[in-house]
Every structure is written in structure tokens, then in C-alpha cells.
Amino acid sequence: MAQTGHRDVIVLGAGIAGLNALSVATDVLGPAGRALLVERRPQPGGMWNDTYDYVRLHQPHGFFTAGNIPWTQGHPREHLATRAEVLAHMAYCLEVCRSRSQVETRFGWEYVAHAEHDELVEVTLRAPDGSLDTVTCDRLVKAFGYDVQAKPPFEVSSGAVRSISPNDHGMKTGAIARDQAPVWIIGGGKSGMDAALALLEEQPGRDVRMLVGGGTAFLSRDVWFPTGARRWVATRPNQQGIAYTLHFDGSNEEEVQQWLLRGSGLSPVDHPRDFLLGLMSRAEADTLRTGVAEFVKDYLVDVVDGPDGPLLQLRSGAQRPVPAGTWLVNCTGYLAREEIPYEPFVSASGRVVSINPRSALTHLTTFASYFLTHALMRGLLPLPDLYEVDMVAGTKEAKAAGGVLALTATLYNISVFFDALPMSVFLNNRLDFDGWLPPARVAAGSLRFMATHHRVRARHRAALDAFGARGIRSGPLSPDRA
Ligand SMILES: Cc1cc2nc3c(=O)[nH]c(=O)nc-3n(C[C@H](O)[C@H](O)[C@H](O)COP(=O)(O)OP(=O)(O)OC[C@H]3O[C@@H](n4cnc5c(N)ncnc54)[C@H](O)[C@@H]3O)c2cc1C
């Protein structure tokens with residue numbers, strides 16, 4: 001096994017979580033700093049390299065970045081970036097990091113294991129040729145984040161339907177787009193809605209139906225990112241988030257969902273149960289409401305061949321006949337992947353951090369990576385007041401609670417970070433949705449946050465504790481980090 005040198009920091013994973021870690025680390029280390037970025041894929045971008053081609057960012061593009069790095073592509077602020085634009089920005093973020101410190105990249109390499117001893121972290125990596133290499137560092141960021149995988153088609157018994165993955169078949173460019181046959185989209189989250197919108201944009205009269213589980217609510221983009229003069233008067237995004245999460249007591253997610261839908265949320269589906277913090281505009285919701293022939297709240301179990309043709313078999317026991325040749329598009333479960341193992345967000349020594357949804361600090365991996373790496377690079381970890389939540393179990397076992405749980409944890413943990421980190425960390429944070437508003441409103445919001453966050457934090461902690469009492473991980477790290 002080769003032994004190749006020592007680094008100040010190693011970042012594993014070059015998705016947006018890894019790039020946030022690298023951005024923070026290189027910012028703190030400066031020109032003398034030595035960083036290594038390791039990524040299994042051939043280039044930066046993580047899931048954006050192989051997600052479906054019609055995906056668009058659902059928040060205005062400026063908020064999807066690495067730390068304090070601005071976009072440079074010249075789009076209007078409200079532009080929802082395409083996959084190619086996101087990838088180009090992520091490549092640019094890496095170049096900025098390279099200009100700050102000595103950054104070595106190893107694409108096509110894979111993390112194998114790490115061990116901590118003598119105040120060092122030893123990391124074992126596998127090279128593209130299969131050989132192993134050991135590298136040591138002072139600090140390690142395991143930024144595998146959501147580690148999104150391309151979706152395979154739904155496996156069904158019937159050969160009379162066409163079961164496909166959106167990753168392999170463009171809804172605007174693939175065979176499905178050139179065809180007239182009915183489509184069933186399996187999954188009612190962001191990916192399912194993206195697929196339906198793309199199909200309806202190409203063929204407005206197409207027979208598109210959706211199996212949407214419990215139905216998903218979205219944040220209204222028009223409310224959270226108002227345009228024109230409304231930027232001066234609309235409720236700030238962070239204020240919206242606080243108002244929403246303060247309704248949550250750890251057990252009342254259905255009631256909280258109703259509250260959201262009365263104000264800053266929406267859905268093309270009646271009475272949606274789930275919420276995963278996706279964004280949708282009113283115009284998109286209207287297009288879906290009028291264009292999708294049917295939203296069925298149920299889950300697909302199989303498609304079998306009946307005497308008169310294929311039948312969708314649903315979890316409720318219901319069956320739906322569909323014409324032969326019907327397309328089935330699998331848009332389920334990209335994020336809450338049960339295969340992702342639990343790993344505490346920080347090791348006992350405070351030298352290794354892990355950005356993952358099983359020990360999540362925040363809703364998006366960008367935020368967790370940004371703040372946690374700032375604390376890591378300053379030697380402030382472990383911060384015992386931070387709370388972890390298991391977002392995979394949270395969204396699987398208490399489906400309606402996923403979004404509010406994630407946002408409650410985010411606001412709670414940001415308050416803890418605020419007490420520990422320098423003010424500059426908050427002032428330079430380009431991920432913060434309040435940055436959508438005029439600077440005077442951002443400043444007023446910051447003052448209000450400073451005056452109220454301890455009080456608000458206590459209520460968030462109570463809700464997270466109450467949720468934890470339901471048997472899903474939500475609270476401080478256990479001392480043995482099991
Ligand atoms: C279809 C879809 C659309 C989405 N749209 C949005 C959106 O509009 N806005 C938004 O904020 N979020 C969106 N999300 C959520 C999104 O997943 C995240 O915001 C983000 O891009 C995830 O980044 P990540 O770094 O956490 O994970 P990933 O992008 O999955 O990156 C993890 C990286 O780690 C690497 N890796 C894993 N294991 C190893 C190993 N052992 N060795 C080396 N490298 C390894 C992987 O190859 C990968 O490149 C979307 C998710 C999906 C599925």
C-alpha cells in the first residue's frame with residue numbers, strides 16, 4: 001500500500017456538500033493550506049452529473065453554491081438553472097478553491113476507510129487501477145451527503161408496459177416524448193412533478209397520470225421568493241421558516257401541514273400528506289392540476305397481465321387497468337435511501353465530520369457542510385449542543401413530519417452555530433434564502449434573529465426532543481456515538 005503525504009484537510013465527495021466543505025476549508029487555510037479532494041466520479045457535480053436531463057434547480061440559482069462563491073453566468077436572479085449550468089457552476093467553484101489553497105484532486109478514486117490515531121486521521125483510498133493508497137490529514141470531511149444514485153426502472157411482472165427510469169429517458173427528448181401512449185408517473189415528489197411538467201410541456205394533451213403516495217406539498221416559490229415591490233413587504237424566507245416550525249411540537253405534523261398549505265405552501269394534489277421542502281410555483285401547480293389526468297394516492301406494488309390487459313396492482317389492494325404500451329416512469333425515493341449507513345456527524349475527537357442524512361444537522365447538505373466545516377477548521381468540534389436527526393427514518397416512518405423536522409433541526413442548529421462561530425461566517429453565507437431580499441431587510445432580519453434566537457431555539461429543542469421520544473433519532477449525539 002502506497003503512503004503519499006500529509007494534508008491539512010481531506011474532503012471526500014465532490015457534490016455540492018463536498019464543494020461547500022472545500023470552499024470553507026480553503027478560505028480558512030489560505031495559500032499555504034494543503035487540501036485533497038477525492039471523488040468516485042470523473043468530475044465534480046455529484047448527482048448533477050447523471051440526474052435526468054430536464055431537471056432544473058427549484059430555488060433561484062444563486063442559493064445553490066459553495067459557501068461564499070457567487071454565480072458568474074449572468075442569469076437573472078430568479079433563473080432556475082439547468083443541469084448543465086449547475087455543473088458548470090460547480091466546476092467553477094472548484095477552480096475558485098484551487099485559487100485559494102493548494103488543492104489536489106483525485107477523480108475516479110474511492111474512499112475505503114479511515115482511522116484516527118496520534119492526532120492524525122489516516123485515510124485509505126482506492127485508485128482507479130484498484131491499488132490502495134494511504135494519506136494522512138489533520139481533518140477529514142466525509143461529504144457523501146445524499147449520495148444520490150440513478151434510479152433503475154420499476155421492476156414489474158408484465159411485459160406489456162414500458163417501465164423506464166427518468167435518468168435514461170428524457171421526457172422531452174426520448175422515445176416517450178415521441179409517443180402518444182398513456183404515462184403513469186410513480187412518485188409525487190419533485191422528480192415526479194418535474195417529469196409530469198416536462199411531458200405536458202411537450203404534449204399538453206398527453207394522458208399523464210400520477211401515483212403520488214400520500215401526496216406531496218411544496219413551498220410556494222412565489223411566496224418564498226417574491227419579485228418586484230413584494231420583495232420589500234413580503235415575509236422574509238427565514239421568518240416564514242421560523243413561523244412554520246414554531247407550530248411543530250414534535251407530534252402534530254398533520255396540523256402543521258395544514259397551516260403551511262393555508263399560507264406559504266401549495267400542491268397540485270388535494271390534501272397532501274408529505275412535505276420535503278421542495279419548491280413549486282403557482283403556475284407550475286396550475287399546469288399540473290389541469291394537465292395531469294389523475295392523481296392517485298397509493299403506491300405501486302406490481303404490474304401484472306390480466307385477461308384484458310395489464311393491471312397496476314396498488315398497495316391498498318386496488319387494481320387499475322392500463323392499455324398495453326403504457327409508460328411507467330420511476331420517480332421514487334431518490335433521497336431517503338435506506339442503504340445509507342448511520343455515521344455520527346462528528347467523531348469523538350472532533351477531527352472527522354460526516355455530512356449524511358442519517359445524522360443530519362440541516363435540511364440541505366450544503367448548510368450542514370458549510371457550518372460544520374467552519375467549526376471543524378477552527379477546532380471547535382464537537383459542539384455538544386448540536387442536534388442530529390435521522391432524515392431517512394424521519395421521512396420513512398413519520399412521513400408527514402419529514403420537512404418540518406428537517407427545518408426545525410436546521411434552525412435549531414444554526415442558532416447553536418451562531419453562538420460558536422464568528423459573525424463573518426454568517427455574513428458570507430450565500431446559501432441563506434433571506435439574501436433574496438433587499439440588503440436593508442436582510443440587516444433587519446439579522447438583528448431580529450440575534451434578539452430572538454435563544455428563545456426560539458428552546459422551542460425548537462423541545463419539538464426535536466418530543467420527536468426523538470417517538471423512537472426516531474432526533475437529539476444530541478449519544479456519548480458512545482453508536
Ligand atoms: C432529482 C433531484 C433533484 C434535486 N433538485 C434539487 C434542487 O433543485 N435544489 C436543491 O437544493 N437540492 C436538490 N436536490 C437535493 C440534492 O440531492 C442536493 O441538493 C445536492 O445536490 C446533493 O448533493 P450532495 O453533495 O449531498 O450529494 P451528491 O450530489 O450525491 O454527491 C455525493 C458525492 O460523493 C461521492 N461519493 C460517494 N461515496 C464515495 C466514495 N466512497 N468515494 C468517493 N466519492 C464518493 C459521489 O460520487 C458523489 O459525487 C435534488 C435531488 C434530486 C434527487
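The values are calculated or read from the model by the stated rules, or taken from the named source; none is laboratory data. In this text the structure is predicted, and so the values were computed from the model without any measurement. Virtual Cβ from ideal backbone geometry, glycine too; neighbours counted across all protein chains shown. Note: areas computed on protein heavy atoms with side chains; ligands, DNA, RNA excluded. Shrake-Rupley method; radii C 1.70, N 1.55, O 1.52, S 1.80 Å.
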- Query: Helix 83-100: angle to the longest alpha-carbon principal axis of the chain, degrees 0 to 90, nearest 10?
  - Reply: 0 degrees
- All other residues with a Cβ under 12 Å from the Cβ of Y52 taken together, and with Lys, Arg as +1 and Asp, Glu as -1, what is their net charge? +1
- Task: Could you state the orientation-averaged shadow area of the convex hull built on the Cα atoms of the range 1-146, in nm² to one decimal?
- Result: 9.0 nm²
- From the cross-link list K172/K297; K151/K297; K142/K190; K142/K297, the entries with a Cα-Cα span beyond 28 Å are K142/K297
- Residues whose modelled amide H sits under 5 Å from the amide H of V303, counting only those 5 or more places away in sequence or on another chain, are S157, S158, Q313
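Explain nothing, just the number: relative contact order of the range 193-275, from Cα pairs under 8 Å at least 6 residues apart, as a whole percent.
Working: 59 pairs, mean separation 36.4, N = 83.
Relative contact order of the range 193-275: 44 percent.
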- Would you kindly give the portion of the calculated P(r) for the range 65-189 that falls above 16 Å, as a percent of all Cα pairs? 78 percent
- The alpha-carbon center of the range 319-361 and that of the range 132-200 are separated, in whole Å, by 13 Å
- Which cross-chain or sequence-distant (5 or more) residues have an amide H under 5 Å from the amide H of G265, H modelled 1.01 Å from N in plane? S220
- Got a sec? Charge dipole of the range 36-135, +1 on Cβ for Lys and Arg, -1 for Asp and Glu; which of V86, M47, A127 is way out at the positive end? V86
- Query: Residue by residue through the range 207-219, which ³J(HN,Hα) values in whole Hz follow from phi under the Karplus form 6.51 cos²θ - 1.76 cosθ + 1.60 (θ = phi - 60°), with glycine and proline marked x?
  - Reply: 7, 10, 10, 10, 9, 10, x, x, x, 10, 8, 10, 6
- Query: Under unit Cβ charges (Lys, Arg +1; Asp, Glu -1), what dipole magnitude, rounded to 20 debye, does the chain have relative to its Cα centre?
  - Reply: 1220 debye
- Query: Regarding the range 152-270, what are the three Cα extents along the principal axes, ordered largest first, in Å?
  - Reply: 51, 38, 22
- Query: By how many degrees, 0 to 90 and rounded to 10, does the Cα axis of helix 439-468 deviate from the longest principal axis of the chain?
  - Reply: 80 degrees
- Which whole number in µm²/s is D for the range 339-482 by Stokes-Einstein, with the Kirkwood Rh taken over Cα pairs at 20 °C and 1.002 mPa s? 137 µm²/s
- Message: Given the whole protein assembly as supplied and a 1.4 Å probe, what does the accessible area of S478 come to in Å², nearest 10?
- Response: 50 Å²
- Which value, in Å² rounded to 10, gives the accessible area of V161 with a 1.4 Å probe and all protein chains present? 10 Å²
- Task: For the range 264-315, build the charge dipole from Cβ charges (+1 Lys, Arg; -1 Asp, Glu) around the Cα centre, then report which of S264, V304, F275 sits farthest towards its positive end.
- Result: S264
- Karplus couplings for the range 252-266 from phi (6.51 cos²θ - 1.76 cosθ + 1.60, θ = phi - 60°), rounded to Hz, Gly and Pro as x? 10, 4, 5, 5, 5, 4, 4, 4, 4, 5, 6, x, 9, x, 7
- Long-range share for the chain, i.e. C-alpha pairs more than 35 Å apart as a percent of all pairs, stands at 33 percent
- Item | the range 114-215 - charge dipole about Cα centre, Lys and Arg +1 at Cβ, Asp and Glu -1, debye rounded to 20 | 780 debye
- For the range 136-142, take each phi angle, set θ = phi - 60°, evaluate the Karplus expression 6.51 cos²θ - 1.76 cosθ + 1.60, and give the result in whole Hz per residue in order, putting x for glycine and proline. 10, 8, 6, 9, 10, 10, 8
- Task: Assign one of three labels to the range 367-421, namely rounded, prolate or oblate, based on the Cα gyration tensor with a ≥ b ≥ c the square roots of its eigenvalues; rounded applies when a/c is under 1.5, prolate when it is not and a/b is larger than b/c, and oblate otherwise.
- Result: prolate
- Message: Once each part is reduced to its C-alpha centroid, what is the distance from the range 451-482 to the range 40-77 in angstrom?
- Response: 31 Å
- Helix-only mean residue ellipticity at 222 nm for the chain, each DSSP H run of n ≥ 4 adding -39500 (n - 2.57), per residue, nearest 500: -10000 deg cm²/dmol
- Task: Mind running the shape call on the range 115-186? Use the C-alpha gyration tensor, a ≥ b ≥ c as the square roots of the eigenvalues: rounded below 1.5 for a/c, prolate if a/b tops b/c, oblate otherwise.
- Result: prolate
- Query: Relative contact order for the chain: what is it in percent, counting Cα pairs under 8 Å that are at least 6 residues apart?
  - Reply: 18 percent
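Report the charge-dipole magnitude of the range 1-53 in Debye, nearest 20, computed about the Cα centre from +1 at each Lys and Arg Cβ and -1 at each Asp and Glu Cβ.
It works out to roughly 200 debye.
For the range 194-246, build the convex hull from the C-alpha positions and give me its volume per residue in Å³.
108 Å³
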